[in-house]
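Only one structure is covered here, and it is reproduced in the block below.
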Amino acid sequence: MSFDTIIRGGTIATASDTFSCDVGISGGKITALGADLGTAAEIVDASGLLVLPGGIDSHVHIAQPSGPGIVMADDFASATRAAAFGGNTMVLPFAMQQKGESLREVVKQYHAKADGQCYIDVSFHLIIADATDAVLGQELPALVHDGYTSFKVFMTYEGLALSDMEMLKVMTVARETGALVMVHAENYDAIRFLTDRLEQAGKTEPKYHAASRPIPVEREATHRAISLAELIDVPIMIVHVSNREAMEEIARARRRGLKIYGETCPQYLMLTEKDLEGLNMEGAKYVCSPPPRDKESQAACWEGLQQGIFSLFSSDHCPFKYDDPQGKLLPKGKTSFRWVPNGIPGVETRLPILFSEGVSKGRITLNEFVALTSTNHAKTYGLYPKKGTIAVGTDADIAIWDPKRKETISQTLMHGGSDYTPYEGIAVTGWPVSTMLRGKFVVRDGKLTGKLGGGDYVAREKSELAKPRA
Ligand code: DUC
Ligand code: ZN
Ligand code: ZN
């Protein structure tokens with residue numbers, strides 16, 4: 001037997017096992033795992049390196065409208081290029097509905113933005129902003145049928161926040177169609193109240209962003225979302241959890257037998273609200289929601305990852321340029337934190353940060369790393385086992401890592417559209433050196449080898465994890 005490619009001599013890790021063997025690849029799929037697989041058109045030497053499933057980042061925002069005068073720093077080309085350099089083979093951005101829009105039209109618009117523009121594979125979650133009868137009764141069920149099997153709802157933000165009634169209706173559609181609901185859990189009225197009060201007191205700098213949405217704002221909404229899901233008896237994913245109290249709501253629900261899942265992100269392990277204190281709008285670089293908290297919250301998020309309360313570690317990549325009036329230095333943003341574009345870049349740094357801080361420092365195992373960054377994303381969002389593992393029959397989506405390589409994260413190393421990284425200066429051990437998508441290198445030894453349009457759109461199955469309890 002001969003293969004297109006054999007990856008030889010590496011150490012392979014999946015979510016459950018670590019072993020040494022050759023990986024045989026043909027037609028973009030892994031077709032054999034074994035010792036001395038024989039001949040291939042190309043032999044890739046992976047001695048001393050790790051061979052891992054390509055990262056799947058199931059929470060990224062790309063080319064999303066973000067308000068008047070604001071432009072996101074990434075289009076699909078730059079975001080997926082950066083993702084590939086960061087060891088990822090798939091991202092799941094959002095197709096975001098705005099009030100009055102047809103969801104089907106929105107999906108078409110995002111396809112038009114992405115088609116032929118991706119270096120790695122993509123699939124879309126839907127954001128539901130207008131839960132009309134037509135959306136709930138016709139568009140959503142048809143879209144779930146067509147492979148858009150997850151949707152995000154917001155409990156805050158002008159124009160996006162759903163009422164509890166609307167949340168219940170969306171959850172009901174999810175239960176009936178087998179889709180998974182992702183929830184942005186922050187209390188809208190509490191944020192508006194606190195923001196008004198801070199502004200009235202003249203507290204308008206970026207650092208007050210954190211004070212405008214403190215932990216109880218997130219904890220309350222998390223509790224409420226879980227309670228609503230319990231009423232419908234439907235699983236939900238609480239995204240971007242930032243602190244212990246919200247995490248404990250998830251853990252408590254799980255102890256009571258509910259299927260409530262949690263996600264956390266690099267910003268909640270690596271940043272604190274102190275980062276928002278920089279002078280002259282520097283703090284705007286770290287404005288994201290929920291905001292980074294404190295050291296104790298970071299410790300809590302590590303516990304959540306270690307204990308499986310969080311099954312997903314995603315970037316929540318939502319990039320704006322810093323030194324740009326269409327980005328973090330939007331003129332209106334200088335008048336109040338309320339108007340600072342909300343989100344930070346992270347798709348390229350997610351994996352090196354978790355590898356270094358988690359695996360290299362002994363907080364999590366290599367297998368847990370694979371689960372948290374790839375396998376669980378595939379399982380949660382209906383991509384498994386086509387994606388998210390290394391096994392015979394899966395897509396040959398592979399990241400080759402040098403576990404000993406030391407780097408210092410810096411904007412000069414980045415490949416996305418933003419002009420800064422919030423993780424500047426962080427030293428890491430372990431680095432993705434090559435990324436292979438369906439058997440072809442997108443990044444090889446630190447150089448871009450993939451072609452624009454090499455990434456495909458992937459329609460998804462319904463997730464096993466979205467099934468209600470028996
Ligand atoms: N929520 C996200 O998930 N991403 C960016 C901003 C936000 O509020
Ligand atoms: Zn969110
Ligand atoms: Zn997000």
Next item on the list: Rounded to the nearest Å, what's the spacing between the alpha carbon centres of the range 41-97 and the range 297-367? Just the number, please.
Entry: 14 Å
Check: Hey, could you pull the Cα Rg and Dmax for the chain, both in Å?
Finding: 21.2, 74
Check: Taking the mean number of other Cβ atoms within 10 Å as a proxy for protection, how do you rank 208-214, 181-187 from highest to lowest?
Finding: 181-187, 208-214
Next item on the list: Would you work out the charge dipole size for the range 249-392 about its Cα centre, treating the Cβ of every Lys and Arg as +1 and the Cβ of every Asp and Glu as -1, and quote it to the nearest 20 debye?
Entry: 540 debye
Check: Going highest first, how would you order 380-387, 38-45 by mean Cβ packing within 10 Å?
Finding: 380-387, 38-45
Next item on the list: Output ³J(HN,Hα) for the range 328-333: one whole-Hz value per residue in order, computed from phi by the Karplus curve 6.51 cos²θ - 1.76 cosθ + 1.60 with θ = phi - 60°, and x for Gly and Pro.
Entry: 5, 9, 3, x, 5, x
Note to self: Give me the dipole magnitude in Debye, nearest 20, for the range 105-178 about the Cα centre, with unit charges on the beta carbon: positive for Lys and Arg, negative for Asp and Glu.
What the structure shows: 160 debye
Next item on the list: May I ask for the angle, rounded to the nearest 10°, between helix 188-200 and the longest principal axis of the chain, with both axes built from Cα atoms and the value confined to 0 to 90°?
Entry: 60 degrees
Next item on the list: Based on other C-beta atoms within 10 Å, arrange T31, T89, T80, T449 from fewest to most.
Entry: T449, T31, T89, T80
Note to self: Need the C-alpha centroid separation for the range 175-204 versus the range 229-295, integer Å.
What the structure shows: 13 Å
Margin query: Taking the number of other C-beta atoms within 10 Å as the exposure measure, put S434, S463 in order starting with the fewest.
Written below: S463, S434
Check: Can you tell which of L126, L413, G358 lies farthest toward the positive end of the dipole of the chain, using +1 and -1 charges on the Cβ of basic and acidic side chains (Lys, Arg; Asp, Glu)?
Finding: G358
Margin query: Check which residues have an amide H placed less than 5 Å from T5's amide H, if you skip close sequence neighbours.
Written below: I25, A41, E42
Check: How large is the dipole of the chain about the Cα centre if only Lys and Arg carry +1 and Asp and Glu carry -1, each at its Cβ, rounded to the nearest 20 debye?
Finding: 320 debye
Check: If you line up the long axis of helix 244-255 against the longest principal axis of the chain, both from Cα atoms, how many degrees apart are they, to the nearest 10?
Finding: 70 degrees
Notebook entry, point to check: Can you give the % of DSSP beta bridges in the chain that are antiparallel, to the nearest 5?
Noted result: 45 percent
Notebook entry, point to check: In whole angstrom, how far apart do the alpha carbon centroids of the range 122-170 and the range 424-466 sit?
Noted result: 28 Å
Check: Which cross-chain or sequence-distant (5 or more) residues have an amide H under 5 Å from the amide H of I344, H modelled 1.01 Å from N in plane?
Finding: C318
Next item on the list: Scan around M237 for amide H atoms under 5 Å from its own, H built in the peptide plane at 1.01 Å from N, and keep only partners 5 or more places away or cross-chain.
Entry: V181, M182, V183, Y261
Check: Relative to the first principal axis of the alpha-carbon coordinates of the chain, what is the inclination of helix 164-177, with its axis defined by its Cα atoms, in degrees from 0 to 90 and to the nearest 10?
Finding: 30 degrees
Notebook entry, point to check: Once phi is turned into θ = phi - 60°, what whole-Hz ³J(HN,Hα) does the Karplus curve with 6.51, -1.76 and 1.60 give for every residue of the range 4-12, x standing for Gly and Pro?
Noted result: 5, 9, 10, 8, 10, x, x, 9, 9
Check: Tell me, what ³J(HN,Hα) does each residue in the range 451-462 have, in order and in whole Hz, if you take phi through Karplus 6.51 cos²θ - 1.76 cosθ + 1.60 with θ = phi - 60° and put x for Gly and Pro?
Finding: 10, 4, x, x, x, 10, 7, 10, 6, 10, 7, 6
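We did not get these values from a lab; they are worked out from the coordinates using the rules stated. Not measured: the values here are computed from a predicted model. Backbone-built Cβ (ideal geometry, glycine too); neighbour counts: all protein chains shown.
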